[in-house]
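What follows is one structure encoded as structure tokens, with my remarks underneath.
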Amino acid sequence: MAINRSWAVEGLRSFSNRPRPVPTRFWIISLASIFIVALLFVGHKSDSLPSIPYLNKEPEKAQPPPPPPPPKNPPKGSPKDYDPEEFDVDENGLKIWIPPNMDALVHGVHASDGIKRKPTYPLDPFPQTPMTLPVDDNRQRPWLGAVICSAWDIKRRMLIRYTWMKTFKDVPMDQRFVISNPGPDWRAVIQQENATFGDMIVLDHLQEDDFTANTVKTVEFYRWLSEKSPVKYEFVSKMDTDLWVNARAYWDRQVLPRLDVAKSADGNTITGYKANVNHTTIGQFYYDSYHHTAFPHGAIYTVTWDIVTLLPKLQDKFHVIAGEDVTMAWLLMKGQQKVTMAVLTQEEKFEFDHKDTRPGERTPWARKGTDVTSSWHAMYGSEILAIHQLKKDDDWLMVAACFDEKGIKEMPPYPEKEPEDKGDKPGYPRPFWTQIPNDFWETDVDGTLLCNGIWKLESGVGRDMKRKGG
């Protein structure tokens, strides 16, 4: 549901008697602070609140994630004997890939140690929390944009709601936040937040902690969609809280071309969308040398609905515990399932490097001589779809000011004379995919490139991630 939330900011502005306009940044941060205090007050004063039927069915008894198989004591540390050249081959001469035999490392914690932890609070079913003032305009929305976040990160959710989610509210995308069970102390606060905005999915069988968030949370989110979502989406995007998405351009250039559009008899009304691709991921290649695995970079990737339903089934069968994106790759290997990888370039998706911004200016735009072939740089040009590593609110709001409902604004010209640059210089590291070993690449039977046995590049795309003739 697209929700017009501009009344809040405008309402606050109407009470201001200051002679000069106050920056939008002030209102967004003030609104977030007031809302957080209000939620905390309600949380202490209320034991139960009304709720969101669209997103939650009747409360069910919480079930834990599928238990792992009996431990086989996989070795700790990166395996030294993982040699793709020694793999078996299939009838087409392609390698039959298997995940490394190792105890995966997740943010400094071995998987075998992480799964032994016990919840520190009861994982009670989360009650229904219907939106107080629901809005339903009956528009078709085949795309779900889901921000995976901590239940306690209310300030960042408010910032996201009032920036890219509000700016791109007319894009046919449902916008949601995905959190784990916040525990009884935070239940009333989260209920009130959900009743206000109606945009939260609660995985109430998972504890809210770093290990869970970085292992099974994404797969369990897909399970929730498969089993409980009232909507079957054609595409689902998973994204981080420090990622800005140019949803208008992402829809126009990445999602819409992979959809068939059905219209009414008079051709004036869109009656439905249907994906014209299957088993497809849109993202940017990343290589983890410790785990010897290639996979889509976790800041943002988009999958077709068949992958959403497939991964929970594979998890029930193979019980993989590893970093969330490594888990996806290892499950696909174990299931011998190939996936088409539609790659995003470094101009389209990149890590924001403040050192690459223009000297002497408060701007997210890149300096002269920037290198947009690097995985780290500042904003440049009109191809931008997603910007990662916006952890600071000031950086986030600077980027937000460069977009409107049509997408990215025109890049401002460079100053005639740049001031002296006394700060740190950008390093422009090479793209993540350049680290993928040569023996990870094969040519599939249809002539497309195949990476790690599971990731199929689109026809005509080479190892430089460029399309022939492009």
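The values are calculated or read from the model by the stated rules, or taken from the named source; none is laboratory data. Everything numeric here is computed off the predicted structure, so don't read it as measured data. Cβ coordinates were reconstructed from backbone atoms using ideal geometry, including for glycine residues, and neighbour counts include every protein chain displayed. To get the accessible areas, we keep the full protein, side chains included, count just its heavy atoms, and leave off ligands, DNA and RNA. Shrake-Rupley method; radii C 1.70, N 1.55, O 1.52, S 1.80 Å.
A few comments on the model shown:
- Residue satisfying all of: in segment 118-138; over 26 Å from the mean Cα position of the chain (by Cα) and open to solvent by 60 Å² or more (accessible area, probe 1.4 Å); modelled with the lowest pLDDT among these: LEU133
- When SER226 is tested against (1) in contact with a Ser or Thr (Cβ under 8 Å, 6 or more places away or on another chain); (2) open to solvent by less than 10 Å² (accessible area, probe 1.4 Å); (3) more than 30 Å from MET379 (Cβ to Cβ), exactly one condition is not met: (2).
- Options LYS422, LYS392, LYS406: the member that is loosely packed, with under 12 Cβ neighbours inside 10 Å, at pLDDT 95 or above and out of contact with any strand residue (DSSP E or B) (no Cβ under 9 Å at 6 or more places or on another chain): LYS406
- Output for segment 401-421, where each listed residue is of a type in the set (Lys, Arg) and in contact (Cβ under 8 Å) with a residue 24 or more places away in the chain: LYS406
Per-residue answers, yes or no, for (1) of a type in the set (Gly, Ala, Ser); (2) within 30 Å of ALA104 (Cα to Cα); (3) at pLDDT 95 or above; (4) in contact with a helix residue (DSSP H, G or I) (Cβ under 6 Å, 6 or more places away or on another chain):
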{"site": "ASP316", "(1), (2), (3), (4)": "no, yes, yes, no"}
{"site": "LYS334", "(1), (2), (3), (4)": "no, yes, yes, yes"}
{"site": "GLU348", "(1), (2), (3), (4)": "no, no, yes, no"}
{"site": "ALA378", "(1), (2), (3), (4)": "yes, no, yes, yes"}
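- The lone exception for GLY198 - which of (1) small (Gly, Ala, Ser); (2) buried (at least 20 other Cβ atoms within 10 Å of the Cβ); (3) at pLDDT 95 or above it fails: (3)
- Evaluation of VAL445 against (1) open to solvent by less than 50 Å² (accessible area, probe 1.4 Å); (2) in a loop (DSSP other than H, G, I, E, B); (3) under 29 Å from GLU91 (Cβ atoms) (one fails), failing number: (1)
- Residue satisfying all of: in segment 85-100; outside any loop (DSSP other than H, G, I, E, B) and touching a strand residue (DSSP E or B) at 6+ places or on another chain (Cβ under 8 Å); most open to solvent (accessible area, probe 1.4 Å) among these: VAL89
- Annotation: of all residues in segment 273-296 being touching a Ser or Thr at 6+ places or on another chain (Cβ under 9 Å) and assigned to a loop (DSSP other than H, G, I, E, B), the one that is most open to solvent (accessible area, probe 1.4 Å) is ASN278.
- Every residue from segment 237-262 that is out of contact with any Asp or Glu (no Cβ under 9 Å at 6 or more places or on another chain), over 22 Å from ASN278 (Cα atoms) and open to solvent by 30 Å² or more (accessible area, probe 1.4 Å): ASP240
- Output for segment 427-458, where each listed residue is among the acidic types (Asp, Glu) and touching a residue at least 40 places away in the same chain (Cβ under 8 Å): ASP439, GLU442, ASP444, GLU458
- Test: residue in segment 242-249 that is under 30 Å from THR434 (Cα atoms), free of Cβ contacts under 8 Å to residues at least 12 places away in the same chain and among the hydrophobic types (A, V, I, L, M, F, W, C): no
- If you check ASP153, ASP242 for being among the acidic types (Asp, Glu) and more than 13 Å from the chain's Cα centre (by Cα), only one passes: ASP153.
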